[in-house]
Amino acid sequence: METLLQVNDLTMNFGGLRAIDHVSLEVRSGEIVALIGPNGAGKTTFFNCITGLYRPSAGEIRVFPPGQKEIRIDGFKPNRVTAIGMARTFQNIRLFSAMTVIENVMIGRHCRTSTNILGAILRGPRTRRQELETIDKSYALLEKVGLTRYANELARNLPYGAQRRLEIARALATDPFLLLLDEPAAGMNPRETKELDDLIVQIRDRDGLAILLIEHDMKLVMNISDRIVVMEYGKRIAEGTPDAIRNDPKVIEAYLGDETDA
Amino acid sequence: MLPGHRSIKTALRTALWFMFLTLPFMVVRVNTLKGEVEWRWQNMLWVGLAVFLLAIVWDIALSNRHKRSDRKPSASQTLSRLSQRVFHDKTVYLPIIAGVFCLALLFPWLFNTYQVNIMVLALMFVVLGLGLNITVGLAGLLDLGYIAFFAVGAYTYALLNTKFGVGFWFSLPIGGIVGATFGILLGFPILRLRGDYLAIVTLGFGSIAKIVFENWEEVFNGAKGIAGIGRPGLFNIEMSLEATTTYIYYLMVALVMFAAFMTNRLKESRIGRAWLALREDEIACVTMGIDMARTKLSAYAFGAFWAGLVGVIFAARNTYINPNSFTFMESALVLSVVVLGGMGSIVGVMIAAMVLILLPEYLRAVAEYRMLVFGAVMVLMMIFRPQGLVSNVHRYYRKHSETDAAQKG
């Protein structure tokens with residue numbers, strides 16, 4: 001298994017507050033890695049650093065796109081990170097709510113197509129072919145997440161669980177090799193969580209993507225992850241297989257509190 | 001439904017408040033000839049009565065609206081459905097387009113030069129509206145100084161023509177390109193701004209442009225303006241004033257069609273979708289791999305391009321321009337066109353431009369209260385139909401295989 005993402009000693013300060021303190025993490029191809037920890041541990045900040053929304057204060061982020069040389073991406077703009085092949089979803093759903101479902105997915109194809117203003121106006125054969133490809137690929141993705149029947153509805157009219165799945169479809173549309181999911185199961189009922197569980201495993205097994213996810217639903221995390229990394233107060237406190245993490249005294253303390261406190 | 005006790009009390013209070021507010025200009029009049037003050041108390045009575053009745057009607061309308069939104073689809077929803085059907089059914093929209101086109105072609109033969117002239121002005125605002133619709137309606141970037149690009153286009157042609165003798169047709173694309181260039185130049189410093197800050201800065205840009213034109217005497221001839229600008233020519237044929245007006249009219253019709261066509265093509269393309277996404281959510285937009293700077297700048301540039309083009313035509317039609325044609329009022333008017341028409345909606349913007357320019361022209365009888373009516377219409381729109389006259393229509397995307405089957409079958 002080759003490494004896809006390697007984060008070394010990532011640190012992020014907001015003024016005097018250190019949100020992430022020398023966190024290292026590695027994701028290898030075909031892996032599902034979960035990042036867990038109590039609220040405020042810095043998980044989402046970590047995601048924002050990797051995807052270029054924040055510029056990390058220190059540390060380095062390297063990616064190894066399959067079949068390409070390694071690239072150091074810390075300090076890259078988010079759109080460049082996406083173009084390299086890392087796509088993400090958001091904890092608080094960020095869909096283009098006044099656009100239709102299919103349009104949302106088509107936006108994901110933006111960085112894989114190249115029509116410019118002139119091409120769009122003239123609408124030549126190349127532009128038309130690209131457009132048809134975009135539509136077809138988007139439909140295929142909607143089918144994968146089970147939203148085909150909503151294709152031409154406005155995204156904001158979708159039920160909550162469907163919105164979460166649409167975000168995953170939109171991220172997949174950018175042709176990533178690594179998918180970052182920020183609490184994909186938040187607010188879902190057990191049945192929806194089960195469906196999501198299947199979807200994530202399917203994305204890994206069939207499409208061969210590696211997945212890094214932040215999640216609070218322990219059942220989901222323990223079910224699907226190959227490795228788990230635990231964060232608390234911006235620090236990495238543990239890493240290991242689900243079984244090892246379940247029995248790690250430090251993790252139990254972080255989640256349940258010190259026994260002497262209680 | 002009868003108005004309740006409470007709504008009568010509110011209406012009474014509103015009426016009193018309006019009577020007080022309108023006192024200075026409805027009641028008091030200084031007669032400069034006789035040198036005395038006239039007190040027209042009966043006006044106050046009329047204002048009070050009118051406001052009282054309107055307030056009660058208003059209250060009933062609002063409460064009906066609340067009730068309706070609970071039960072069945074409201075009138076505005078029905079209108080949205082209707083517009084969806086009109087825009088998606090070829091048998092409906094093709095005859096309408098053909099009809100409007102024929103009317104547009106016959107217009108100069110049916111009406112006199114005065115009407116044609118007003119129509120030319122309205123068509124100019126249609127194109128300006130379509131241009132600003134790209135920046136504000138599609139990409140969601142508020143621009144309160146849009147008229148500056150219009151001025152840039154007008155001055156470009158005025159200077160090229162009076163100083164270097166460059167012809168109209170050659171200047172037309174140059175005007176557009178210069179406008180777009182200024183769009184990009186002004187776009188750079190405001191890439192990171194949003195909301196209120198964007199409003200303030202663009203407002204400033206608009207004012208700065210006007211002040212530069214007003215004070216740079218050597219180049220722009222200051223407040224005196226530039227006169228003797230050449231009318232658009234056609235193979236050196238001598239044309240009467242009337243013929244020129246008709247000529248410009250057809251030119252504007254062509255430009256409107258051209259602008260609508262191009263905007264529509266862009267809207268349903270990769271670029272247009274990126275603009276819409278930018279309007280919806282900037283952060284999600286960049287994480288989906290869209291280059292924010294390029295997308296914003298292209299929206300500013302393309303919007304400004306149309307203003308530049310129309311500016312050239314404006315200068316050629318008037319043969320005289322001065323900075324007073326490019327005030328904040330004009331920027332606000334174009335923005336109203338976009339908001340009233342419906343953000344992002346091409347047809348809506350066209351209708352709104354016609355309404356906002358033609359209505360005041362034909363309402364000259366009540367010229368004094370034009371702005372009052374204008375403001376009232378805008379407030380009413382925001383309350384009852386915030387999405388504009390015609391809401392943005394989303395294209396219906398079919399699967400490729402389905403389209404193939406439909407074409408074969």
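The values are calculated or read from the model by the stated rules, or taken from the named source; none is laboratory data. Please read all numbers here as calculations on a predicted model, not as lab measurements. Here the Cβ positions follow ideal geometry from the backbone for every residue, glycine too, while neighbour counts run over all protein chains shown. Surface accessibility is based on the protein's heavy atoms, side chains included, excluding ligands, DNA and RNA. Shrake-Rupley method; radii C 1.70, N 1.55, O 1.52, S 1.80 Å.
Below is a table of values for the structure above.
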read-out	value
Sulfur and carbon atoms: percent of accessible area, region B:288-376 [1.4 Å]	69
Order of exposure, largest accessible area first, which applies to A:144, A:43, B:163 with probe 1.4 Å	B:163, A:144, A:43
Residue-level accessible surface for residue B:17, protein heavy atoms, 1.4 Å, Å²	140
J(HN,Hα) series, region B:131-146, from Karplus relation 6.51 cos²θ - 1.76 cosθ + 1.60, nearest Hz, glycine and proline x	x, 5, 4, 5, 5, 8, x, 8, 8, x, 9, 4, 9, 8, x, 4
Spherically averaged projected area of the protein assembly as shown from its Cα convex hull (nm²)	42.1
Average beta carbon contacts from partner chains per residue of B:262-275, 10 Å cutoff	5
Evaluated over chain A, the Cα radius of gyration and Dmax, each in Å	19.2, 72
Most mobile of B:50, B:365, B:243 in a GNM of chain B (Cα contacts under 10 Å)	B:50
Net lengthening on full extension, residue B:16/residue B:121 (0.36 nm per residue, minus Cα-Cα)	33.8 nm
Spin-label pair residue B:96/residue B:45, simplified geometry with 7 Å Cα→Cβ offset, distance in nm	4.8
Globularity ratio of region B:1-52, using Cα Rg and 2.2 N^0.38 Å	1.48
Interface area, A with B, accessible, probe 1.4 Å, both sides summed, Å² nearest 100	3600
Long-range amide H partners of residue A:235 with built H, under 5 Å	A:21
3J(HN,Hα) from dihedral phi, region B:111-123, Karplus parametrisation 6.51/-1.76/1.60, rounded to Hz, x for glycine, proline	10, 7, 4, 4, 5, 4, 4, 5, 5, 4, 4, 4, 5
Dipole magnitude of chain A, debye to nearest 20 (Cβ charges: Lys/Arg +1, Asp/Glu -1, about Cα centre)	1360
Aspartates and glutamates with Cα under 17 Å of residue B:224, excluding same-chain neighbours fewer than 8 positions away	B:214
Accessible surface of region A:95-175 [probe 1.4 Å, protein heavy atoms]: carbon and sulfur percent	51
Segment residue B:191-residue B:6, length gained on full extension (0.36 nm per residue, minus Cα span)	61.6 nm
GNM top mover of B:116, B:390, B:47 - chain B, alpha-carbon springs below 10 Å	B:47
q = 0.25 Å⁻¹, region A:176-228: log10 I(q)/I(0) [Debye, one scatterer per Cα]	-1.03
Antiparallel bridge percentage (DSSP; both residues within the protein assembly as shown; nearest 5)	65
HN-Hα J in Hz across region A:151-165 - Karplus 6.51, -1.76, 1.60, θ = phi - 60°, x for Gly and Pro	2, 9, 8, 5, 4, 6, 8, 6, x, 3, x, 5, 4, 5, 5
Minimum 30 Å² accessible area buried by the other protein chains, region A:104-119 residues, probe 1.4 Å, relative to alone	A:106, A:107, A:110, A:115, A:117
Nearest-20 debye value, region A:176-258 charge dipole, Cβ charges on Lys, Arg, Asp, Glu	120
Degrees separating the helix A:125-145 axis from the principal Cα axis of chain A, which is the longest one	40
Spatially proximal aspartates and glutamates relative to residue A:219 (Cα-Cα < 14 Å; intrachain offsets below 8 disregarded)	A:183, A:192, A:195, A:197, A:198, A:243
Mean residue ellipticity (222 nm) of chain B, computed from DSSP H runs ≥ 4 via -39,500 (n - 2.57), nearest 500	-24000 deg cm²/dmol
Within straight-line cross-link reach of residue A:69, lysines at Cα separation under 26 Å, skipping those fewer than 8 residues along the same chain	A:77
Per residue accessible area of region A:98-143, 1.4 Å probe, in Å²	42
Nearest-20 debye value, region A:129-241 charge dipole, Cβ charges on Lys, Arg, Asp, Glu	100
Base-10 log of normalised Debye intensity for region A:1-98 (one unit scatterer per alpha-carbon) at q = 0.13, 0.16, 0.24, 0.25 Å⁻¹	-0.47, -0.71, -1.44, -1.51
Translational diffusion of chain B, µm² s⁻¹ [Kirkwood Rh, Cα pairs; Stokes-Einstein; 4 °C; 1.567 mPa s]	54
Residue of B:245, B:113, B:91 that the Gaussian network model of chain B assigns the largest fluctuation, springs spanning Cα pairs under 10 Å	B:91
Probe 1.4 Å, protein heavy atoms only - accessible area per residue of region A:173-220 in square angstrom	39
Where chain B is the region considered: accessible area per residue in Å², 1.4 Å probe	52
